[in-house]
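Here's the structure, in structure tokens; my notes come after.
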Amino acid sequence: MWGIASSPVDGPVDGAVDGGAGGPGPLGWDRTLDGFGALDGLGLGRTDTGAFAVPAPRRAEPAGRPTSPARKWREAQAHWESSQAAAEPAAESAPPAGGPVTPVEPYAAAGSRRARRDGDSGGGSGSVRRPVKLALYALVLVGLLGGTAAWASMDKSVRLTVDGEVRALHTYAGTVAGVLDDAGVTVGEHDVLAPAADARVADGAEIVLRRGRLLTLTVDGRTRQVWVVATTVDEALHQVGYRQSGLFVNASRSRRLPLDGFALTVRTPKVVTVVADGSRRRLVTTSPTVGEALAAAKVRLASADRVSQLSGAPVADGMTITVTRVRYARVVTKTVVKYKEIERKDPDAPRGSRTITTTGVDGLREVTYLVTYLDGRAASRKVLGSRVLTWTVDQVVVVGTKAPAPGPVGNYGGLNWAGLAQCESGGNPRAVNPAGPYYGLYQFDLGTWQSNGGSGNPIDASADEQTRIAYNLYQARGRSPWPVCGRYL
């Protein structure tokens with residue numbers, strides 16, 4: 001219970017050297033003031049014989065009833081006083097062996113001990129309590145050192161990287177979530193954490209947190225929203241799959257993405273063919289519209305030029321853009337206007353006669369045109385105006401309609417031409433058969449008539465002239481031209 005036990009002895013205690021540090025005596029240190037004070041502090045009373053009385057065992061405290069410090073003190077004091085009373089007879093009858101002992105003033109009353117414990121300067125109580133204090137300090141120090149060592153064994157060095165920024169931490173947390181909580185770092189729904197939040201943490205562990213960022217991405221005019229854990233524009237492009245070269249990006253690739261979101265416009269390169277000014281060129285462009293693609297290709301457009309696609313139309317891969325140069329010009333021309341011939345019939349004039357009474361004169365007209373040229377070639381023209389420089393004069397012709405008097409049929413070759421004429425036309429030199437048509441006494445068609453020496457129309461020739469031509473035909477072909485009436489010749 002007390003940790004130190006002793007019984008009355010007549011000689012020196014084992015390990016004590018006579019004439020020790022406290023002066024001559026059987027115990028040495030116990031005879032010094034420090035010794036008395038230390039033993040007294042442990043509740044061991046010194047008798048006059050030099051022996052030490054062992055205090056009686058303490059009563060066990062009832063369970064659940066703690067002992068107060070004041071009560072403990074009173075019990076220790078009572079034990080010491082009882083041990084002093086029991087040791088006095090032995091001190092008178094048995095002097096200590098080993099020679100005379102230097103008398104030391106005994107502690108006569110508990111009041112004097114209490115006074116010394118309360119700081120009385122007499123008796124050197126401060127030196128008596130020092131070993132006990134040192135022992136207590138040692139116990140406390142051992143506890144502290146042990147606890148500190150145990151606590152220090154739980155300390156871990158962790159490397160935390162948040163969006164590429166590295167921090168070295170010391171933590172006692174056992175999981176990744178605990179480390180982040182100690183560091184005041186929260187994890188969002190779209191963040192990426194490695195290792196997982198419930199993973200155990202060891203000394204030297206590395207934790208990487210990439211924060212999610214909402215990216216409003218517009219690619220070739222189409223917009224969508226995606227979450228990325230990139231910190232720069234270049235990283236974001238790689239994460240969304242746009243890794244090819246030649247992209248148009250509306251922001252620097254090294255620009256850092258803010259946590260509250262970012263709008264990014266991307267245009268992919270497209271191959272287009274431009275046909276303009278007689279040449280055909282193939283080029284790669286990231287321009288969003290046809291007009292901007294032509295401007296990037298240094299194709300200048302005039303206000304009247306025509307483009308195969310609208311200027312604001314989006315550029316598509318494989319598109320052919322054709323530029324047609326349009327030019328307008330005013331052209332003035334002078335045009336001859338032909339006169340008209342007007343026939344007037346004269347029943348008194350012989351049939352077939354033509355007499356010009358008014359000679360025709362051509363006119364002259366000036367016309368102004370707007371001519372449209374496409375790629376240098378005239379494509380169309382529009383009359384803007386005209387004026388007459390010289391008026392036309394119509395020609396007037398008088399045509400006779402009077403039928404000639406019938407004359408005798410000529411006797412060519414001794415043939416019966418009158419019989420043939422009667423059979424073919426009833427003897428009428430102006431007869432016309434619309435079936436052929438056939439004309440005159442002998443019913444000529446115009447081709448036969450003219451190929452055998454006739455001119456004009458047979459009905460306009462005299463009967464004798466018709467008979468002459470018929471004879472020429474007979475000499476060439478016989479009666480065959482008149483298969484029915486030829487028997488009358």
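The values are calculated or read from the model by the stated rules, or taken from the named source; none is laboratory data. Please read all numbers here as calculations on a predicted model, not as lab measurements. When we count neighbours, we look across all protein chains shown, and the Cβ atoms used for this are built from the backbone with ideal geometry, even at glycine.
Could you pull out the residue among Ala135, Ala197 that is at pLDDT below 90 and either farther than 30 Å from Pro288 by Cα or surrounded by 15 or more Cβ atoms within 10 Å (Cβ to Cβ) (or both)?
On the way: Ala197 fails: at pLDDT below 90.
When all the criteria are applied, what remains is Ala135.
Condition (residue is in contact (Cβ under 8 Å) with a residue 60 or more places away in the chain and surrounded by 14 or more Cβ atoms within 10 Å (Cβ to Cβ)) applied to the stretch 348-359: is it met by at least one residue?
Looking only at the stretch 348-359, we keep the residues that are in contact (Cβ under 8 Å) with a residue 60 or more places away in the chain, and these are 351-352.
Checking which are surrounded by 14 or more Cβ atoms within 10 Å (Cβ to Cβ) leaves us with 351-352.
Yes, because at least one residue in the stretch 348-359 is in contact (Cβ under 8 Å) with a residue 60 or more places away in the chain and surrounded by 14 or more Cβ atoms within 10 Å (Cβ to Cβ).
Do any strands (runs of 3 or more DSSP E) lying entirely in the stretch 204-295 carry at least 1 residues that are among the hydroxyl-bearing types (Ser, Thr, Tyr) and touching a Lys or Arg at 6+ places or on another chain (Cβ under 9 Å), and which ones are they?
Numbers: elements: 206-210, 213-219, 222-228, 262-267, 270-276, 279-285.
The qualifying strands (runs of 3 or more DSSP E) are 213-219, 270-276, 279-285.
Is it the case that the stretch 322-337 has a residue that's touching a residue at least 12 places away in the same chain (Cβ under 8 Å), in a loop (DSSP other than H, G, I, E, B) and over 30 Å from Leu217 (Cβ atoms)? Even if it seems obvious, please write down each step before you answer.
Going residue by residue through the stretch 322-337, those that are touching a residue at least 12 places away in the same chain (Cβ under 8 Å) are 322-337.
Remaining after also requiring in a loop (DSSP other than H, G, I, E, B): 325.
So of that shortlist, the ones also over 30 Å from Leu217 (Cβ atoms) come out as 325.
There is at least one residue in the stretch 322-337 that is touching a residue at least 12 places away in the same chain (Cβ under 8 Å), in a loop (DSSP other than H, G, I, E, B) and over 30 Å from Leu217 (Cβ atoms).
Please tell me if Val307 is surrounded by 13 or more Cβ atoms within 10 Å (Cβ to Cβ), touching a Lys or Arg at 6+ places or on another chain (Cβ under 7 Å), of a type in the set (Val, Ile, Thr) and in contact (Cβ under 8 Å) with a residue 12 or more places away in the chain. Quick ask: steps written out before the conclusion?
Details: surrounded by 13 or more Cβ atoms within 10 Å (Cβ to Cβ): yes; touching a Lys or Arg at 6+ places or on another chain (Cβ under 7 Å): no; of a type in the set (Val, Ile, Thr): yes; in contact (Cβ under 8 Å) with a residue 12 or more places away in the chain: yes.
So Val307 does not fit the description; no.
I'm trying to understand the selection: among the residues of the stretch 437-456, which are in contact with a helix residue (DSSP H, G or I) (Cβ under 6 Å, 6 or more places away or on another chain), outside any loop (DSSP other than H, G, I, E, B) and closer than 11 Å to Leu473 by Cβ? Before you say what the answer is, go through the steps one by one.
The first filter runs over the stretch 437-456 and keeps only residues in contact with a helix residue (DSSP H, G or I) (Cβ under 6 Å, 6 or more places away or on another chain), leaving 439-444, 449, 452-454.
Still in the list and also outside any loop (DSSP other than H, G, I, E, B): 439, 444, 449.
Those that are in contact with a helix residue (DSSP H, G or I) (Cβ under 6 Å, 6 or more places away or on another chain), outside any loop (DSSP other than H, G, I, E, B) and closer than 11 Å to Leu473 by Cβ: Phe444, Trp449.
Take the residues in the stretch 215-232 that are of a type outside the set (S, T, N, Q) and more than 10 Å from the chain's Cα centre (by Cα); name whichever of them is surrounded by the most Cβ atoms within 10 Å (Cβ to Cβ). Explain how you work it out, then say what you get.
Narrowing the stretch 215-232 to residues of a type outside the set (S, T, N, Q): 215, 217, 219-222, 224, 226-230.
From what is left, the residues that are more than 10 Å from the chain's Cα centre (by Cα) are 221, 227-230.
On the way: Gly221: 11, Trp227: 15, Val228: 23, Val229: 17, Ala230: 21.
Filtering the stretch 215-232 for residues that are of a type outside the set (S, T, N, Q) and more than 10 Å from the chain's Cα centre (by Cα), the one surrounded by the most Cβ atoms within 10 Å (Cβ to Cβ) comes out as Val228.
Mind telling me which of the residues Arg243, Arg280 ends up being outside the structural domain of Ser311 (by TED's automatic domain parsing) and surrounded by fewer than 13 Cβ atoms within 10 Å (Cβ to Cβ)?
Numbers: Arg280 fails: outside the structural domain of Ser311 (by TED's automatic domain parsing).
One residue alone meets the criteria, Arg243.
Could you list all residues from the stretch 465-485 that are surrounded by fewer than 18 Cβ atoms within 10 Å (Cβ to Cβ) and either at pLDDT below 90 or not in a helix (DSSP H, G or I) (or both)?
Matches in the stretch 465-485: Gly478, Arg479, Ser480, Pro483, Val484.
Check off (1) in contact with a Ser or Thr (Cβ under 6 Å, 6 or more places away or on another chain); (2) in contact (Cβ under 8 Å) with a residue 24 or more places away in the chain for Ala302 and give me the number that stays unchecked.
Here Ala302 clears every test but (1).
Quick check on Tyr439: is it farther than 16 Å from Leu415 by Cα and not polar (S, T, N, Q)? It would help to see each step written out before you state the result.
Values: farther than 16 Å from Leu415 by Cα: yes; not polar (S, T, N, Q): yes.
Criteria met by Tyr439.
Let me spell it out: the conditions are (1) closer than 28 Å to Pro314 by Cα; (2) assigned to a loop (DSSP other than H, G, I, E, B), and Val185 meets all of them except one. Which number is the exception?
Here Val185 meets the rest and fails (1).
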